[in-house]
Every structure is written in C-alpha cells, then in structure tokens.
Amino acid sequence: MSSPAPVGYADAIDARDRLSQAGYLTDRAVATVAFLATRLGKPVLAEGPAGVGKTELAKAMATSLGAGLVRLQCYEGLDEAKALYEWNYRKQLLRIQAEADADWSATEATIFSDDYLLDRPLLTALRRDEPTLLLVDEVDKVDFEFEALLLEILSDFQVTIPEMGTVAAVRRPVVVLTSNATRELSEALKRRCLYLHLGFPEPQREAAIVARRVPEASERLAEQLVKVVASLRELELAKPPSVAETVDWARALVAIGVDTVDDPEASAALPALLKHAGDVTKAYEHLGLSSGPAGVAGEPGRN
C-alpha cells in the first residue's frame with residue numbers, strides 16, 4: 001500500500017506566494033522547483049555557496065506547507081547510527097539479564113523490536129504520519145559511502161533494518177538536500193533529485209529581503225548597503241558575506257543610528273558583515289577607508 005501523497009503547492013505561483021508569506025522572497029525558477037518537488041514527489045538538491053539561503057528555503061517550504069521539519073545536519077564522519085537508527089544497547093542488555101533463563105528466540109524477538117529502536121532523523125522522517133519536510137543539510141560534507149545509504153531512501157522512501165526488515169514511509173516526506181559544492185556529489189544521488197542552483201540574489205531582491213527582515217532600515221540604506229555588499233563579493237575574500245550577514249549589517253547600522261553607508265560610523269559595523277581579518281582589510285581598502293581592523297576610525301594601528 002502506497003503512502004499518502006505529500007502536501008503540496010497548486011502551482012509555481014502558489015509556491016512563490018506561500019514562500020513569501022513564510023518570509024522567503026524568491027523568483028519563478030525557485031518557486032517552480034519547490035512546486036515540482038511536491039507534485040512529482042522528488043527531492044530537491046539545492047547547491048550553491050554558503051549563505052545564499054538554501055537552508056532557509058527548506059525551512060520556508062516546511063512552514064508554507066504546514067509540515068514538521070526534521071533536520072539532519074551532515075558532518076565529516078557521520079554514520080548510520082547517528083543519521084538513521086541505532087539500538088538501545090543498554091536497555092537490550094538489561095532485558096537479556098532479566099530473562100537469562102527464558103527462551104533465547106523469544107528474547108531476541110523482543111529486544112529487536114520498536115521498543116528498543118532509537119530513531120535518528122532519517123528514520124524519524126520516514127515513520128512520521130504527519131506532513132514532514134526532511135532537510136539533509138550540507139550533504140557534501142559526508143563521504144560516498146554515506147551517499148549510498150541515502151540512495152535507497154531517496155529512491156523508494158524506505159530503508160532496510162536487518163533485524164526488522166524493510167521500513168517504508170508512513171507518509172512520504174518532502175525532501176531538501178543542500179550542498180555548498182565543496183565536493184562533487186555522485187551522479188546516482190543527483191539523478192534522484194531536482195537540481196536547483198542558488199547564487200547570491202540580485203541587489204534589488206536582496207534589498208527587498210533586507211526591508212522584510214529589518215523594517216527599521218530606510219529604503220535608501222537598504223539599497224546602499226546591498227550595493228556595497230555586491231561589490232565586496234566580487235573581491236577574492238575568504239568568506240564572501242552571506243545574505244544573513246547582509247541582514248546582520250543592516251541591523252547593526254540601524255542599532256548605531258546610521259542611515260547611510262557613507263556615514264563614517266558605518267565601517268565600525270563591518271564585523272557584522274565580514275568574519276576574517278584579511279577580508280576586513282580588503283574591505284577597508286576597497287571602500288577607501290583610512291583605518292583597518294586593527295584600529296578605530298581615524299587611528300590606524302591602535303590596540
């Protein structure tokens with residue numbers, strides 16, 4: 001018996017409007033992929049540099065679909081026990097000790113049952129009967145062996161537990177995978193997904209994002225700072241500023257009472273935007289400012 005179809009959008013326009021209501025401003029291309037993910041039941045692979053809104057897209061999709069968010073944060077060395085499931089060995093051992101004189105086959109059947117199974121994010125998403133969005137965040141950080149584990153889930157929305165058999169999705173989740181493109185993902189994984197490349201937004205849309213997130217900022221300030229951020233991203237920085245950091249810079253400027261990026265005090269808020277000393281130095285040079293990260297305005301080099 002097939003699992004119930006996931007909740008979805010009526011069309012791309014509906015997806016765009018509902019994502020906007022959830023606080024995520026997007027374009028037709030992204031909205032179309034979000035719509036197709038729910039209509040076709042295929043995972044979305046959102047790839048692009050860090051800080052362009054890939055994770056926020058997944059969160060906004062969950063909100064706009066009224067779905068619970070289950071997140072698997074990937075990292076190097078992530079294994080099946082942390083991502084899928086593991087057995088409660090301590091509880092199993094106590095049961096074995098308590099039934100030392102009982103028939104082993106009966107004890108074995110008991111200790112390898114749901115009561116002793118610890119669900120991790122992947123299995124949790126498959127076994128939920130409520131609308132669910134599964135976010136596999138930064139999948140490029142795991143190895144190819146872990147990708148192989150994902151293939152069965154992304155193809156058939158089921159997983160095999162040797163001691164219990166096949167566990168199929170109670171209700172198929174909407175799936176979003178994100179990648180910062182630090183390594184090439186396997187073709188087998190990509191083939192199972194709708195591919196979405198996210199880059200930094202155009203200044204006009206980024207200004208709209210700032211206006212939505214920082215309504216205290218004037219329209220002029222929002223337009224000015226996104227133009228500055230766009231120019232900084234063209235430099236060879238260790239970490240180009242993300243959209244979230246643009247928003248942080250806007251909040252910082254509002255907090256110190258600045259209403260234009262030409263104000264000398266605006267540079268004092270650069271630590272909200274750039275997080276590497278070398279990047280801050282390049283920013284000062286690029287913007288023609290007289291002081292760097294080691295000093296304060298007008299007093300270079302002061303400790």
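A compact table of results
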read-out	value
Within the stretch 237-257, considering residues that are without any contact (Cβ under 8 Å) to a residue 24 or more places away in the chain and assigned to a loop (DSSP other than H, G, I, E, B), the one farthest from the chain's Cα centre (by Cα)	G257
Answer residue from the stretch 109-125, given it is assigned to a helix (DSSP H, G or I) and either under 15 Å from K82 (Cα atoms) or out of contact with any helix residue (DSSP H, G or I) (no Cβ under 9 Å at 6 or more places or on another chain) (or both) and is modelled with the lowest pLDDT among those	A109
In the stretch 143-159, the residues that are in contact with a strand residue (DSSP E or B) (Cβ under 9 Å, 6 or more places away or on another chain) and either aromatic (F, W, Y) or not in a helix (DSSP H, G or I) (or both)	F157, Q158, V159
Within the stretch 45-76, tally of residues that are among the acidic types (D, E) and loosely packed, with under 15 Cβ neighbours inside 10 Å	1
Conditions (1) touching a Lys or Arg at 6+ places or on another chain (Cβ under 9 Å); (2) aliphatic (A, V, I, L, M); (3) in a helix (DSSP H, G or I); number of the one not met by L133	(3)
Residues (more than 23 Å from F200 (Cβ to Cβ) and either of a type in the set (V, I, T) or in the same structural domain as L25 (by TED's automatic domain parsing) (or both)) located in the stretch 238-257	I256
From V170, V159, V136, V142, residue being β-branched (V, I, T), touching a residue at least 24 places away in the same chain (Cβ under 8 Å) and surrounded by fewer than 17 Cβ atoms within 10 Å (Cβ to Cβ)	V170
Test: residue in the stretch 77-100 that is surrounded by 11 or more Cβ atoms within 10 Å (Cβ to Cβ), over 15 Å from M164 (Cβ atoms), of a type in the set (V, I, T) and in the same structural domain as V167 (by TED's automatic domain parsing)	no
Which listed residue, of T260, T178, is β-branched (V, I, T), outside the structural domain of L65 (by TED's automatic domain parsing) and not in a helix (DSSP H, G or I)	T260
Selected residue (criterion: nearest to the chain's Cα centre (by Cα)) from residues of the stretch 93-129 that are in contact (Cβ under 8 Å) with a residue 12 or more places away in the chain and farther than 28 Å from Q73 by Cα	I111
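Conditions (1) touching a helix residue (DSSP H, G or I) at 6+ places or on another chain (Cβ under 8 Å); (2) basic (K, R); (3) part of a strand (DSSP E or B), marked per residue:
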site: A46; (1), (2), (3): yes, no, yes
site: M61; (1), (2), (3): yes, no, no
site: R71; (1), (2), (3): yes, yes, yes
site: L94; (1), (2), (3): no, no, no
site: S105; (1), (2), (3): no, no, no
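The values are calculated or read from the model by the stated rules, or taken from the named source; none is laboratory data. Predicted model only: the values in this text are computed from it and were never measured. A quick note on method: Cβ atoms are made from the backbone with ideal geometry, for glycine too, and the neighbour counts reach across all protein chains shown.
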